[in-house]
Each structure stands twice: as C-alpha cells, then as structure tokens.
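Engineer: Quick one: the structure is below, questions incoming.
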Amino acid sequence: MKNFHGRRNFIRQMSAFSAAPYVVSGVRFHSIKTPLIISTWDFGLAANQAAAKVLDLKGSALDAVETGVMVPEGDPLNNSVGYGGLPDRDGIVTLDACIMDHKGRAGSVCALENIVHPIGVARKVMENSPHVMLAGAGALQFAIQQGFSKENLLTEKSRLAWEEWKKTSQYSPVINIENHDTIGMIAMDHSQNIAGACTTSGLAYKMHGRVGDSPVIGSGLYVDNEIGAATGTGLGELVLRQCSTFLIVELMRMGRSPQSACEEAIKRIVAKNKNYKEIQVGFIAFNRKGNIGAYSIQPGFTYALYQSGKHTLNKSKSYLPA
C-alpha cells in the first residue's frame, strides 16, 4: 500500500510539472502547441504556407519568416510588396524591410532599389555587418557585395498605373485597397524561439526617399523571445510616432494579453489623430503562451494564422464598427 501511494503521488507531481511553465536560463517557457505563425492580410496565407513548410521540418523561426515573406515580395501581381510594387511619385520602386531573431539581433534596409528580396538583404545586414540599418545607395551597394542581383522592379502593370496617376497626381491611399503596403510575419518554432519579418514597397506615389515604419525596429516589428512579438501594417507615419510594436510587447511584459495590447496601441493612435476615421492601422501579436491578438482602426483588416497544424484567414476586431 505504501508503494501504491508513493507511485500515485509521483504521477500527480509529474502531471503538475508537465502543465506548468518551466525555466531555462532564466526564461519561463510554457508547454504550447508549436509551431505558430501569424501574418498580415490575405497574401499572408500563401506566405504562411511557405513558412510552415520550414517549421514542419523543424527549421528555425528565422528561416521561416524570411522564406514566408519572400512569397509576396516576389509576386509581380502584388502591388504593395517587392517586385511589382507601385512606385513613388517619380516612378521609382523603393523597398523597406527588417528582420529580427530570438537573440535580439536585427537587420534592416530602407529606400532600397533594384533588389527583389529586401528581406534577404536585411538578414545579411544583421548577420554580416556591424550595423542594424542600411539605406538607399549604401544598402544597394551592400546587397550587390553580398551576391544579390540588380533587377528592374517596375512591372508594366505598375508603370501604367503610375502613368494614370500622374494625370491628377492626387495622393489619397484607399483604406484596405492597397493592402497598406506591408506584410508583417511573426513565428515561433518547435524550439519555442521567436522571429519576425516585415517588408514593403511603401505607400504608392510617396515622395522619393520616404521611409515608413516597416524597416524600423520597434515600429513595424518587435521581437522579445521572453515575451512575444508584434508587427503592424497601415499608415506608417502614425506607427512610427508611437513605436507601436515595442509598446505592444512591453504591455504584454506587464501582463496584458496580446489582444488587449494591440487594442491599447490602436487606441493611443486614435487619441492623437482627429482624422482617424480616414486612416487604417492594424496590429497582430502573440505571446509565449501561444495566445494571439489582432486589432485595427478600420474594419476589413485580415490576418493569416497557422496554429495546431491548420491554416486560417481571419478578420480582426476593429475600433470602428463594421
């Protein structure tokens, strides 16, 4: 009888241990279903599918997010990311991108021309340079040194759209039509390491040299392996002014859920912009427990999710009613 009770207590203790968080090098980990991927907009679904193939083979979150966002980057039919992106008002396609890994390392490029996959260049900046961000001609020079090839990014479709725009030269981005220029993707791999990537061709017909939030660590993307990650999409100037993704991760650090943190970030933008009914910003996030959040100013913001082995496309909650 004594052995029976001892055995029962042992089983009870082991069951409690398996359900509780465990600690490795001071970091609290939870037993969650991995891998996990979340990305912005409808085109995030195809991007997630590519990223999931990496994670399902026990690849790293870093490799997954780079592979995933390269799908819309290389799609000539997508006019808001990479090749095929709509140009600035001078007819030049310029690209911004950043990447961040579970070690806190980051790489970024902005105002980059003639390179189809700026996310690959951003990773090289992170891994093969002492810097975090390279811009313009310097970013292009570095990309060529790293083995990337120059290509014309202005497709005939985008060129014709630009020629049509020049007839009026009116700058008025349409909410949820341009997909707001960005794919942001965050992922957690089988080792429960987190990484993120963000890449864009920026606002259509912007001033030459304009840079938004997408390549800026803490604005377009932020990753903290102890807490979680966040990324965003929308009018980048508003996100830049708030350092919104850093804010979301810090709110999660203080105990807020990913959903609550995304909502707080949007409410702060709304509070400081009287014309919020005319603009769109959306955020997605997850924490180490695998809980997710998504929130936007306007209805219509979609996000793609890969969790528990299933791909889904979802509509986020929004500040304004549908």
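The values are calculated or read from the model by the stated rules, or taken from the named source; none is laboratory data. Since the structure is predicted, the reported quantities are computational estimates derived from the model, not experimental observations. Every residue, glycine as well, gets a Cβ built from its backbone with ideal geometry; the counts of neighbours run over all protein chains shown.
Engineer: Quick one: count up the residues across region 98-124 that are small (Gly, Ala, Ser) and part of a strand (DSSP E or B).
Structural biologist: 4
Engineer: Do we find that Leu140 is within 23 Å of Trp162 (Cβ to Cβ) and buried (at least 20 other Cβ atoms within 10 Å of the Cβ) in this structure?
Structural biologist: Yes, satisfied.
Engineer: Another question, if that's okay. Quick one: which strands (runs of 3 or more DSSP E) sit completely within region 1-97 and have at least 1 residues that are on the phi < 0 side of the Ramachandran plot, at pLDDT 50 or above and in contact with a strand residue (DSSP E or B) (Cβ under 6 Å, 6 or more places away or on another chain)?
Structural biologist: It comes to 36-40.
Engineer: Just checking, which of Leu235, Leu320 is at pLDDT below 95 and over 22 Å from Ala61 (Cα atoms)?
Structural biologist: Every option except Leu235 fails the conditions.
Engineer: Which residue out of Gly232, Gly293, Gly218 is among the small types (Gly, Ala, Ser), touching a helix residue (DSSP H, G or I) at 6+ places or on another chain (Cβ under 9 Å) and surrounded by fewer than 24 Cβ atoms within 10 Å (Cβ to Cβ)?
Structural biologist: So the residue among Gly232, Gly293, Gly218 that is among the small types (Gly, Ala, Ser), touching a helix residue (DSSP H, G or I) at 6+ places or on another chain (Cβ under 9 Å) and surrounded by fewer than 24 Cβ atoms within 10 Å (Cβ to Cβ) is Gly218.
Engineer: Looking at Glu127, Glu164, can you tell me which residue is part of a helix (DSSP H, G or I), at pLDDT below 95, among the acidic types (Asp, Glu) and surrounded by fewer than 17 Cβ atoms within 10 Å (Cβ to Cβ)?
Structural biologist: One residue alone meets the criteria, Glu164.
Engineer: Among the residues of region 73-94, what is the count of those that are in contact with a Leu (Cβ under 9 Å, 6 or more places away or on another chain) and surrounded by 17 or more Cβ atoms within 10 Å (Cβ to Cβ)?
Structural biologist: Residues in region 73-94 being in contact with a Leu (Cβ under 9 Å, 6 or more places away or on another chain) and surrounded by 17 or more Cβ atoms within 10 Å (Cβ to Cβ): 13 in total.
Engineer: Which residues, taken from region 100-112, are within 30 Å of Ala161 (Cα to Cα) and touching a residue at least 60 places away in the same chain (Cβ under 8 Å)?
Structural biologist: If the condition is that a residue be within 30 Å of Ala161 (Cα to Cα) and touching a residue at least 60 places away in the same chain (Cβ under 8 Å), then Ser108, Val109, Cys110, Ala111 are the ones that fit.
Engineer: Let me ask you something else. Would region 140-147 turn up any residue that is at pLDDT 95 or above, part of a loop (DSSP other than H, G, I, E, B) and farther than 22 Å from Lys206 by Cβ?
Structural biologist: Yes, region 140-147 contains at least one residue that is at pLDDT 95 or above, part of a loop (DSSP other than H, G, I, E, B) and farther than 22 Å from Lys206 by Cβ.
Okay, residues lined up against (1) surrounded by 24 or more Cβ atoms within 10 Å (Cβ to Cβ); (2) modelled with pLDDT of 95 or more:
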position	(1), (2)
Ala195	yes, yes
Tyr205	no, no
Val223	yes, yes
Phe246	no, yes
Pro258	yes, yes
